[in-house]
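Presented below is the structure to which this report refers.
Bear in mind these aren't lab numbers, they're just calculated from the coordinates by the rules spelled out. Bear in mind that the values here come from a model prediction, so they are computed numbers and not experimental data. Methodologically, a virtual Cβ is constructed for each residue, glycine included, from the backbone with ideal geometry; neighbour enumeration extends over all protein chains shown.
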Amino acid sequence: MSLADTFTAIVESLPDDWTDLELDLRIFEERRYVEAAVLLVTCNAQPYSKHDWHWRIICAHRFGHAASVPAVHTGLKLLDDDGIAGELAVREVRTGRAEVKQMWGRPESVRQEFRRLRAL
């Protein structure tokens, strides 16, 4: 299974209230590390140093300071398209967190709509 397909399967297996997903990525051909690093810029993959895995990828579901699901999928698809094989491992999944927004000065209708959309 390709990296992008594996990632899609992982995301589809998560509950709807997941907020953060941490993945580790290892490529099989280490001589292609630099080439892979350039392709993974789209999802802000963080390289490990002196570790048996090559990159850590942090993905956000609906909000947060991480790469979006489409960005991670694109980065992994670029690896697949260039024939760079590898494997993914799920390290951590966080669920049940809610986005916090400053609502001062907003009408009550906006506050209620925000709560309805972000309800867990």
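Taking the stretch 80-96 as the range and being more than 17 Å from residue 26 (Cβ to Cβ) and either touching a Pro at 6+ places or on another chain (Cβ under 8 Å) or surrounded by 15 or more Cβ atoms within 10 Å (Cβ to Cβ) (or both) as the test, the residues that pass are 93, 95. Only a single criterion out of (1) in contact (Cβ under 8 Å) with a residue 40 or more places away in the chain; (2) of a type outside the set (A, V, I, L, M, F, W, C); (3) under 29 Å from residue 96 (Cβ atoms); (4) crowded, with 17+ Cβ neighbours inside 10 Å is not satisfied by residue 32, namely (3). The residues of the stretch 3-37 that are of a type in the set (S, T, N, Q) and in contact with a helix residue (DSSP H, G or I) (Cβ under 9 Å, 6 or more places away or on another chain), listed by number, are 6, 8. Taking the conditions (1) buried (at least 17 other Cβ atoms within 10 Å of the Cβ); (2) over 17 Å from the mean Cα position of the chain (by Cα); (3) not hydrophobic (A, V, I, L, M, F, W, C) in turn, residue 77 satisfies each one other than (2). For the stretch 35-58, residues that are touching a residue at least 40 places away in the same chain (Cβ under 8 Å) and in contact with a Phe, Trp or Tyr (Cβ under 9 Å, 6 or more places away or on another chain) total 1. Scan the stretch 32-44 and give yes if some residue there is more than 20 Å from residue 117 (Cβ to Cβ) and acidic (Asp, Glu), otherwise no. Looking through the stretch 32-44, at least one residue is more than 20 Å from residue 117 (Cβ to Cβ) and acidic (Asp, Glu).
Here is a check on your reading of the model: is residue 19 surrounded by 15 or more Cβ atoms within 10 Å (Cβ to Cβ), of a type in the set (S, T, N, Q) and either over 12 Å from the mean Cα position of the chain (by Cα) or over 25 Å from residue 101 (Cα atoms) (or both)?
No.
Among the residues making up the stretch 39-62, those that are closer than 16 Å to residue 89 by Cβ and part of a strand (DSSP E or B) are 46, 47, 55, 56, 57, 58, 59.
Per this entry, residue 8 is counted among residues that are in a helix (DSSP H, G or I), hydroxyl-bearing (Ser, Thr, Tyr) and surrounded by 14 or more Cβ atoms within 10 Å (Cβ to Cβ). Checking each residue in the stretch 2-29 for being of a type in the set (Ser, Thr, Tyr), over 14 Å from residue 86 (Cβ atoms) and touching a residue at least 60 places away in the same chain (Cβ under 8 Å) picks out 8, 19.
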